[in-house]
Amino acid sequence: MSLTDIPPRPLESDERSNSDDAITSGSLAGAPMLGIFAGAVVIGALSWLPFGGVNWARWVIVTLLAYVIGTLIISRVVESPRQATDRFATAVMSSAFLLVMLPLVSVVWTVVERGANRFDWTFYSETMRGVIGEGGGGYHAIVGTLIVTSLTALFAIPFGLFTAIYLVEYANGSRFSKAVTALVDVMTGIPSIVAGLFAYALFVLIDGPGHRSGLAGAVALTLLMTPVVVRTSEEMLRLVPNELREASFALGVPRWRTITKVVLPTAIAGILTGIVLAVARVIGETAPLLVTVGITANLNKNPLSGRMATLPVFSYNSYKFPTLPPEASIDRAWTAALTLVLIVMVLFVTARILSSILKPKGLR
Amino acid sequence: MNRSATRAPYFEASIPMTDSVRAPATAPNEPVDANAPVDLPNRIDIRDLDIYYGDFKAVEGVSMTINPRSVTALIGPSGCGKSTFLRSMNRMHEVIRGAYVDGEVIINGRNLYGPGVDPVAVRRKVGMVFQRPNPFPTMSIADNVLAGKKLNSKRMSKSVAAELVETSLRGANLWNEVKDRLDGPGSGLSGGQQQRLCIARAIAVEPDVLLMDEPCSALDPISTLAIEELMLELKNSYNIVIVTHNMQQAARVSDRTGFFNIEGTGKPGRLIEMDATEKIFSNPTEQQTQDYVTGRFG
Amino acid sequence: MTILDNSPPGDTDASSIDEPVGKAGDKIFFGLSFGAAALILVTLAAVAIFLFLEGLPIFTSDTAELDGDGSFVSYVGPLVFGTIYISVIALVLATPVAIAVALYVSHYAPRKLAQSLGSFIDLLAAIPSVVYGLWGITVLAPVMARSVFPWLRENLGFIPLFGSDVPIAQSGRSTLTVGVVLAVMILPIITAISREVFIQTPRLHEEASIALGATRWEMIRQAVIPYGRSGVISGAMLGLGRALGETMAVAIILSPAKGYFWDVLTAQNSNSIAANIALQFPESSGLEVNRLIATGLVLFVITFGVNAIARRIANAGFSGADG
Ligand SMILES: Nc1ncnc2c1ncn2[C@@H]1O[C@H](COP(=O)(O)OP(=O)(O)OP(=O)(O)O)[C@@H](O)[C@H]1O
Ligand SMILES: [Mg+2]
């Protein structure tokens, strides 16, 4: 992607002729802007070249600064002040975008690089049972994450979907439906750690202090996932044209069959995408699991009782409380993080594919 | 079905309205006198119907009789409540939040708004075709036709289903155009074909009455002609009520015409006059009707 | 019922209009939907009640067994301060950049690219916070300690934020580092919401501006920004809400101390409520747990307030959008 060669949208097709006095005064469009950018890249390189090894961060930041300032000055000289302001704004926007790429690329790069150390079969097949120092793996944490997340999805999907169906298909503007809408908003804003504390408090009442279980974790995550499912499903259901509902009613189809056979199939692409993204969001939640599920070195497949390892908590714990030698522990933390990122990416791609496969072709 | 006998005078439509308005070339096969109430099955009697959207009274005091085996047209200026009235005849009106109806709609001696009447069952007896074609986008052409049956979880053998698809599509004059792509998406058809698919879908449920709300307004003249011909065929089997803004169309296809009008915004619409189509368009009783059908409305 | 002889053939079940159709199914389905909606109410009531019940003992019991002076207000005060301080820093850093990125995606980037950029930004919002935490302490903190902190202390040390008697944190595990990491984390949210409203700018306004001979930037200033202002503000408030509740990144990176600290460069930092819970909870028992839950309730109230303000602004902004 070139910074300077942004094809104008039809709307702005006349902007280049936009100087103060004549429509043909000096223009920097095209090659000259590329030149400015190239110059900025060189200046950026000079910021680290004298000191040896490549410093990517410094390179990017200095380049962008030089590009923005250079554009402003040169355009002011060659073109008009108005044109210069416009070019300056363009340079700032695109630079901001590249600037944001910097930490994000760095995050992904770091996770991959450090996670690679233990990206081996042992990590995916062994638990931490009896492991001190090197070796061991996150198998128990992966199983735990799968169990807790599946339970969460099992609770949150029907809960959220039926709530959305109520809001779109049945609600009649009553106080009750308004309250539900408002409270879904409130739920969206619950901090994850508070959701964890709630689930803990709930299970303490049932089981007494110190309760830890996968189920409690799933309850906490359900609190976080449900509002996301409600919001996206609601949005998708509202996109289904009313004409389809009416067509179905007019055929003498009862409302519930209209919903299950006409409305839901029409909206299913968007709803599934939303659900997959909601799963992606909760699968990396750490804080609520820390207080409800805890951590253990052993494989525990029973969500009803006892601590369970989960990937995010395993990662956090391995980093924060490393065993000796610390490097082995920290490597495991990174590989767990890498695994999480990979799962999230897979879920994202799945969502993409789902939405393109299932989208009804003829929907206006 | 006898096609040639029911051919509409399509090409006469271009004659100026004032004197072109004439009875449909087709003599209605039955009843002979369109005005006389006939005591046949599926006659619809409407008594003193008021229709509301929440606090707003959209239609007031409508009483009329709709004869079976005929086409009844409803005309009137925009916003006078034709669609509202039509939708109240199969209880589709109450689907809208806050909407309700006061009065009686009697078919075969049963008041549709009487106690114990199930609106869902009513809609199977009184089918409806909408202004914009709305086939189900997730279903194939065949499934669209079967939707009314399938969505009601009627189990059908393959052969029965195939037969129903064919008779319904034939009934809607669509069979020849789609018989090779019954599994294709319904939304892949042209607008006119989609509308006929919607008609096929409606008649597959085997209703007694078919309501059509401006079924041709989104269509080109050729598709319009196709649907008008279809109506003239269908009236041998169904009781058809059509809302239209096209007065030539009303003149061509209908046996009786009802004229609705509204006094002003915020006022309810009323049925001004209802009579044989020939009479409404040539010599109506009311001045308002005369003004409207001659285009002097304002 | 259909007596007319030439009615279409088919199965001839002559049902009458008062034979209920699908009534049971309708009842069950409505029951499920209504039940789910009602459960939302019950759940939120339960959250409030349980947190309150489990937090209450801190006010009613003898607090002698707790460390320090045991007064809840003096315990939670610095945490509230830390929570808000860190979040506001993140917000101040993230918002301008997020607006610029949103404008870039909505009005500068080519259409096709804009779409993939949009979903890329959404993907970033889904990267788990524990990953950002690990990155922050491993990669960012050393860079900050090496090149940013000394510069700030030397050149801007006259501002209390960057100057105090306490030496800068050699580890980089200070409020400013956490603020930067949180800024990166909330940036996708603010960007996504701003982009949404910028895209919705009425074409008419934009064209009116362009037709008057405005440059692209002038058009954005005249048409897009006024239109999107309330959306951006509500997006920023939602980002703030997210930052207030963010736990793991803070818990991993920050080196906390007890008290109120303004200097963002040192190893003495006011902790946030959420991070404090995450750090203390596994080791806590008895009344300590109640105290942590009470702080959680405080956090809930703060985020609730911020989100309520965000929603109020958003609703005031788009009167046209249906609720
Ligand atoms: N869903 C609704 N809610 C409230 N009022 C409505 C609704 N639909 C229609 N109305 C009102 O009822 C009156 C009659 O509307 P209706 O759609 O029946 O008119 P119409 O005769 O079919 O007009 P047109 O010829 O334009 O289709 C109008 O004043 C309209 O504003
Ligand atoms: Mg209408």
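The values are calculated or read from the model by the stated rules, or taken from the named source; none is laboratory data. What you see is a predicted model, and the numbers here were worked out from it, not measured in a lab. All Cβ positions, glycine included, derive from the backbone under ideal geometry; neighbour counts span all protein chains shown. The accessibility values were calculated without ligands, DNA or RNA, using every heavy atom of the protein model including side chains. Shrake-Rupley method; radii C 1.70, N 1.55, O 1.52, S 1.80 Å.
Residues in the range C:218-236 that are open to solvent by less than 20 Å² (accessible area, probe 1.4 Å) and either within 13 Å of another protein chain (Cβ to nearest Cβ) or not in a helix (DSSP H, G or I) (or both): C:M219, C:I220, C:A223, C:V224, C:S234. Tell me, which residue of the range A:311-336 that is touching a Gly at 6+ places or on another chain (Cβ under 6 Å) and within 12 Å of A:G115 (Cβ to Cβ) is nearest to the other protein chains (Cβ to nearest Cβ)? Among residues in the range A:311-336 that are touching a Gly at 6+ places or on another chain (Cβ under 6 Å) and within 12 Å of A:G115 (Cβ to Cβ), the one nearest to the other protein chains (Cβ to nearest Cβ) is A:W334. Contact map, the range A:181-193: residues that are more than 7 Å from every other protein chain (Cβ to nearest Cβ) paired with residues that are open to solvent by less than 40 Å² (accessible area, probe 1.4 Å), Cβ distance under 6 Å, separation 6+ or inter-chain. Pairs shown: A:T188/A:P227.
All of B:T289, B:T285 fail the test of being of a type in the set (S, T, Y), over 30 Å from B:S190 (Cβ atoms) and crowded, with 24+ Cβ neighbours inside 10 Å, apart from B:T289.
With the structure loaded, tell me whether C:V101 is modelled with pLDDT of 85 or more and surrounded by fewer than 22 Cβ atoms within 10 Å (Cβ to Cβ) or whether it fails that test. When the stated conditions are applied, C:V101 does not pass them. Pick out the one residue from B:V105, B:V95, B:V120 that is within 27 Å of B:I75 (Cβ to Cβ) and out of contact with any strand residue (DSSP E or B) (no Cβ under 9 Å at 6 or more places or on another chain). None of the other options fit; the residue is B:V95.
Those helices (runs of 4 or more DSSP H) of the range A:37-137 in which 2 or more residues are crowded, with 16+ Cβ neighbours inside 10 Å occupy A:56-78, A:81-115. Contact map, the range B:136-154: first residue open to solvent by 10 Å² or more (accessible area, probe 1.4 Å), second residue aromatic (F, W, Y), Cβ cut-off under 8 Å, separation 6 or more or different chains; pairs are B:D143/B:F136.
Selection within the range B:104-135: residues that are among the charged types (D, E, K, R) and over 20 Å from the mean Cα position of the chain (by Cα). The member of this set that is most open to solvent (accessible area, probe 1.4 Å) is B:R110. Can you confirm whether the range B:256-271 contains a residue that is more than 16 Å from ligand 1 (Cβ to nearest atom) and at pLDDT 85 or above? Looking for residues that are more than 16 Å from ligand 1 (Cβ to nearest atom) and at pLDDT 85 or above, one finds at least one in the range B:256-271, hence yes.
On the stretch given as the range B:175-200, residues that are open to solvent by less than 10 Å² (accessible area, probe 1.4 Å) and touching a Ser or Thr at 6+ places or on another chain (Cβ under 9 Å) total 5.
Per-residue answers, yes or no, for (1) without any contact (Cβ under 8 Å) to a residue 12 or more places away in the chain; (2) closer than 30 Å to C:L156 by Cα; (3) within 10 Å of another protein chain (Cβ to nearest Cβ); (4) open to solvent by 10 Å² or more (accessible area, probe 1.4 Å):
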{"site": "C:L238", "(1), (2), (3), (4)": "no, no, yes, yes"}
{"site": "C:I252", "(1), (2), (3), (4)": "no, yes, yes, no"}
{"site": "C:W262", "(1), (2), (3), (4)": "no, yes, no, yes"}
{"site": "C:I277", "(1), (2), (3), (4)": "no, no, yes, no"}
{"site": "C:S285", "(1), (2), (3), (4)": "yes, no, yes, yes"}
{"site": "C:R291", "(1), (2), (3), (4)": "no, no, no, yes"}
{"site": "C:A308", "(1), (2), (3), (4)": "yes, no, yes, yes"}
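Among the conditions (1) in contact (Cβ under 8 Å) with a residue 12 or more places away in the chain; (2) within 23 Å of A:T232 (Cα to Cα); (3) within 12 Å of another protein chain (Cβ to nearest Cβ), the only one that A:V349 does not satisfy is (1). Looking across the range A:241-262 at every residue that is under 16 Å from B:M139 (Cβ atoms) and open to solvent by 40 Å² or more (accessible area, probe 1.4 Å), the one that is farthest from the other protein chains (Cβ to nearest Cβ) is identified as A:T260.
Do we have any residue at all in the range A:135-142 that's closer than 19 Å to A:R281 by Cα and aliphatic (A, V, I, L, M)? Checking the range A:135-142: at least one residue is closer than 19 Å to A:R281 by Cα and aliphatic (A, V, I, L, M). One residue stands out among those in the range C:272-305 that are polar (S, T, N, Q) and over 19 Å from C:V250 (Cβ atoms): the one that is farthest from the chain's Cα centre (by Cα), which is C:S285. Per the listing B:S237, B:S217, B:S223, B:S187, the residue uniquely part of a loop (DSSP other than H, G, I, E, B), of a type in the set (G, A, S) and more than 16 Å from ligand 1 (Cβ to nearest atom) is B:S237. Just to verify a result, which residue in the range C:108-126, among those that are closer than 30 Å to A:I330 by Cα and in contact (Cβ under 8 Å) with a residue 40 or more places away in the chain, is nearest to the other protein chains (Cβ to nearest Cβ)? Among them, the one singled out is C:L124. May I ask you to list the residues in the range A:267-304 that are open to solvent by 10 Å² or more (accessible area, probe 1.4 Å), closer than 15 Å to A:T145 by Cα and small (G, A, S)? Correct list: A:A297 only.
Of all residues in the range B:238-267, those that are in contact with a strand residue (DSSP E or B) (Cβ under 9 Å, 6 or more places away or on another chain), open to solvent by 10 Å² or more (accessible area, probe 1.4 Å) and away from ligand 2 (no atom under 16 Å from the Cβ) total 6. Residues in the range B:240-251 that are in contact with a helix residue (DSSP H, G or I) (Cβ under 7 Å, 6 or more places away or on another chain) and in a loop (DSSP other than H, G, I, E, B): B:T244 alone. Residue under question is A:L342, and the condition is that it be part of a helix (DSSP H, G or I), more than 10 Å from every other protein chain (Cβ to nearest Cβ), open to solvent by 30 Å² or more (accessible area, probe 1.4 Å) and not small (G, A, S); does it hold? So A:L342 passes the test.
Checking each residue in the range B:190-214 for being closer than 22 Å to B:N67 by Cα and assigned to a loop (DSSP other than H, G, I, E, B) picks out B:V205, B:E206, B:P207, B:D208, B:E214.
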